[in-house]
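Okay, so here's the structure we're looking at.
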Amino acid sequence: MTNTASFRAPRGTYDRLPPGSRDWQKVVREAEDLFGRAGYFPVDTPAFEHTEVFERGVGEASEVVGKQMYTFEDRGGRSLTLRPEGTAPVVRAVIEHGLQRGALPVKLAYSGFMFRQERPQKGRFRQFFQLGIEAIGSASALTDAEVIEIGHRFLRDAGVEPRLLVNSIGHSAESCRRGYLRELQGFLTDHSDELATDDRERIGSNPLRTFDSKEAATTSVMADAPVVSDHLCAECRAHFELVQSYLTDLSVDYEIDTRLVRGLDYYTRTAFEWVAGGLGSQNAVGGGGRYDGLSEALGGPSLPGIGFAIGMDRVMEARSGGPDVDQTARVYVVALGDDARREGLMLVTSLRRAGISAAQDLSERGMKGQMKDAVRMGADWAVILGEKEMASKRATLKNLHTQDQESVDFGSIERAVRS
Ligand code: HAM
C-alpha cells in the first residue's frame, strides 16, 4: 500500500457544497437580475492583473496592497497579483477598451472571487466572493444615491437587515482632505506615545487608518480626534448633503458615521458601508464609495466614479431564514425492471427538454427506496413504471402532496404534470 496523505483545501479557502450551493446560486442570480434592471451590464476581468494596477489603483499605503496581496512572478518575469478587489481592474478595463467614449456613465456589474492573504476567521477568507457594481463617468450625487439604493435593496431582498453607514471623506485639495490630514497628523503626533506601535508608524504614511485600529490604546485616543467631515470644502459638503437628501427621498435609512474612512486609498467624497448583526467582528457585509481620481491614477482620462462590493460569504451567513427548502426535481420516475428504466431514461430526458426538472433512480433500488428518494428530492409527482404499466403503456402518476393516483398514457405525462 502506498502512503498517500489526503489533501485539504488551503487555509482560508472553502468548498461550496450542496445543498447550500444552490441557495447561493439563487442569491447571485437575483443580484444579477436586480443590477441588470438598473442598466448595469455584466463585466468579467481576469483573476489576476499586473501588480501595478493595484499598487497605483488601491494604493501602496493601504493594508490590502501592503500586506495582503498574492503577488507572484510568472515564468516571463512579470509581477502579477491575484485580484484583491474588483474596482481597479474594472476601471483598468474601461480605460483599455475606451468604454468611456460611449454613453456615460459606463454602468458595470461583476461577481467573482477575490484574494487577500488575511488571517482567516469567521467571515474572513483568503479567497472570498464579491458582487459589485460600478458607475464610471458621472460626478452627480444622483449616481451615488442610485448605487447605494441598489446595494441596499439587494441586501434586503436577500434577507439581510443591514445598517447603512455613510460619510464623506472629501477630495484631495488643500482646502479639503489634504488640509484635514495635516491637522490629523498634528493631533496624532501630539498623542503618539499613547498610540499602539503599529498605529504610530502610520502617522506619516496613512493617518486615516488609525480610525480603523482595533487597538484599545488607539481607539481611546481617536475618540477625540478631528474628523474629516468637519473639514470638507463647500463643494464636497454640498455633494454630501445632496446624497443624503436623495437617500431620504428614496426611504433608504442611513446613519452618518463621521469615523468611517474605508481601507482603500482611491476613495473620494462619499464612502459607505453596510453592517449586519450575527457576524461577529467581521460585520461589514459590503461597502463602497466614490473614486473620482482612480482613472487618472491608472493613466486614464478624468472619470469620476462610484460603486460598491458586497461580500457574498457574509450575506449568506447574515441572512435570516437559512437555506430554502430546495426541490431537486419536480417529477421523479420510479422504474422497476430494465425495460421500465429504459423508458424512464427517455421520459426524464423529454421532460427536461420541455423545461421540467426531472430525475430517475440511477442505483436500481426497489420501489420503497425510489419513493423515498422522490420525497428527498422534494418532487411534486412520482411517475411509476412497473410491469403492469409497461404492459399497458400507461404510467401511474402519483401526486406526492395529496397521494392521489391516476393512470396516464406515456405521451400525456408532460401535459398532466403541467396542469
Ligand atoms: P472592501 O470593503 O474591501 O471594498 O470589500 C467589500 C466587501 O467584501 C466587504 O464589506 C466584505 O463583505 C467583503 N470582504 C472583504 N474582504 C473579505 C474577506 N477576506 N473575506 C470575506 N469577505 C470579505 C472593496 O473591495 C471595494 N472594491 C468596493 C468598491 C467598489 N468600492 C467602490 N466600488
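The values are calculated or read from the model by the stated rules, or taken from the named source; none is laboratory data. In this text the structure is predicted, and so the values were computed from the model without any measurement. As a convention, Cβ positions derive from the backbone with ideal geometry for all residues, glycine included, and neighbour counts pool all protein chains shown. When the accessible area is computed, the model is the full protein with side chains, heavy atoms only, and any ligands, DNA or RNA have been set aside. Shrake-Rupley method; radii C 1.70, N 1.55, O 1.52, S 1.80 Å.
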Might you check whether a residue that is in a strand (DSSP E or B) and in the same structural domain as Asp144 (by TED's automatic domain parsing) occurs anywhere in segment 290-297? yes
Name every residue in segment 250-275 that is modelled with pLDDT of 95 or more and within 13 Å of the ligand (Cβ to nearest atom), in order of residue number. Leu260, Tyr266, Tyr267, Thr268, Arg269, Thr270, Ala271, Phe272, Glu273, Trp274, Val275
So which of Gly263, Gly311, Gly286, Gly277 is open to solvent by 50 Å² or more (accessible area, probe 1.4 Å), over 16 Å from Ala139 (Cα atoms) and in contact (Cβ under 8 Å) with a residue 24 or more places away in the chain? Gly277
One residue from Glu406, Glu343 being in contact with a strand residue (DSSP E or B) (Cβ under 7 Å, 6 or more places away or on another chain) and surrounded by fewer than 17 Cβ atoms within 10 Å (Cβ to Cβ): Glu406
Out of (1) more than 16 Å from the ligand (Cβ to nearest atom); (2) over 23 Å from the mean Cα position of the chain (by Cα), the odd one out for Leu247 is which? (2)
How about segment 38-55: which of its residues are part of a strand (DSSP E or B) and either touching a residue at least 40 places away in the same chain (Cβ under 8 Å) or more than 28 Å from Arg75 (Cβ to Cβ) (or both)? Phe41, Pro42, Glu49
For the structure I just gave you, tell me whether Arg330 is within 30 Å of Ala395 (Cβ to Cβ), open to solvent by 50 Å² or more (accessible area, probe 1.4 Å) and out of contact with any Leu (no Cβ under 7 Å at 6 or more places or on another chain). yes
Scope segment 1-39; condition on the phi > 0 side of the Ramachandran plot and within 16 Å of the ligand (Cβ to nearest atom); matching residues: Gly12
Tally of residues being open to solvent by less than 60 Å² (accessible area, probe 1.4 Å) and free of Cβ contacts under 8 Å to residues at least 60 places away in the same chain across segment 241-260: 1
Among the candidates Asp380, Asp404, which residue alone is among the acidic types (Asp, Glu) and within 11 Å of Val331 (Cα to Cα)? Asp380
Which is open to solvent by 40 Å² or more (accessible area, probe 1.4 Å), within 16 Å of Ala335 (Cα to Cα) and aliphatic (A, V, I, L, M), of Leu385, Leu362, Leu397? Leu362
Pairs please, first residue from segment 112-136 and open to solvent by 20 Å² or more (accessible area, probe 1.4 Å), second anywhere and more than 9 Å from the ligand (Cβ to nearest atom) and β-branched (Val, Ile, Thr), Cβ atoms under 7 Å, 6+ apart in sequence or on different chains. Phe125/Thr13; Arg126/Thr13; Gln127/Thr13
Going by what's in this entry, would Asp199 be described as more than 24 Å from the chain's Cα centre (by Cα), surrounded by 15 or more Cβ atoms within 10 Å (Cβ to Cβ) and of a type in the set (Asp, Glu)? yes
So which residues in segment 115-134 are more than 7 Å from the ligand (Cβ to nearest atom) and under 12 Å from Gly86 (Cα atoms), if there are any at all? Phe115, Phe129, Leu131, Ile133
Can you find even one residue in segment 70-82 that is in contact (Cβ under 8 Å) with a residue 40 or more places away in the chain and buried (at least 19 other Cβ atoms within 10 Å of the Cβ)? no
State whether the residues of segment 144-166 include one that is part of a loop (DSSP other than H, G, I, E, B) and within 25 Å of Ser295 (Cβ to Cβ). no
Restricting attention to segment 70-90, which residues are within 16 Å of the ligand (Cβ to nearest atom) and out of contact with any Lys or Arg (no Cβ under 6 Å at 6 or more places or on another chain)? Tyr70, Thr81, Leu82, Arg83, Glu85, Gly86, Thr87, Ala88, Val90
Is at least one residue of segment 28-51 polar (S, T, N, Q) and in contact with a strand residue (DSSP E or B) (Cβ under 6 Å, 6 or more places away or on another chain)? yes
Check segment 91-99 and report whether any residue there is within 10 Å of the ligand (Cβ to nearest atom) and either part of a loop (DSSP other than H, G, I, E, B) or closer than 19 Å to Leu294 by Cβ (or both). yes
Of the conditions (1) crowded, with 19+ Cβ neighbours inside 10 Å; (2) more than 38 Å from the chain's Cα centre (by Cα); (3) acidic (Asp, Glu), Asp373 clears all except one; give me its number. (2)
Collect the residues in segment 196-235 that are in a helix (DSSP H, G or I), within 18 Å of Cys176 (Cα to Cα) and either aliphatic (A, V, I, L, M) or in contact with a strand residue (DSSP E or B) (Cβ under 8 Å, 6 or more places away or on another chain) (or both), keeping them in residue-number order. Leu208, Val228, Ser229, Ala234
